[in-house]
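Asker: Handing you a structure now.
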């Protein structure tokens, strides 16, 4: 059983994943295919229902070219409502163009 604090963290993490995915113009299934994730894993994490591990964090942060700390909620955007975050997101992270993003090859490398 997870605590209310963990639920809040998972919801924030999921919201940030969804914001950056939508800002890059991807659908959930596209990202799952490119990263080799199980079907609906990303969707569950975005909804706060799936539990991400360190490898998931590493994959998505590299794919979207954002820092893991931003995805984990360490930034001045904390406390803002989602509708206020989306227009400001480009000031805090480098959003790549969709055509410039390539899926990682050969799994995760160090």
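Values in this text are rule-based calculations from the coordinates and carry no lab data. Fair warning: this is a prediction, and the values are worked out from it, not measured in the lab. Glycine gets a Cβ as well: all are built from the backbone with ideal geometry, and neighbour counts include every protein chain shown.
Asker: Give me the Kirkwood hydrodynamic radius of region 1-45 in Å, from all C-alpha pairs, to one decimal place? The partial results should precede the final answer.
Answerer: Numbers: mean 1/r = 0.0885 Å⁻¹.
By the Kirkwood definition, the hydrodynamic radius is 11.3 Å.
Asker: Where in region 42-58 does the label zone of residue 12 land, with the point 7 angstrom along Cα→C-beta and an amide N cut-off under 15 Å?
Answerer: 48
Asker: Among 70, 55, rank each residue by its count of other Cβ atoms within 10 Å, from fewest to most, as a rough exposure measure.
Answerer: Fewest-to-most ranking of 70, 55: 55, 70.
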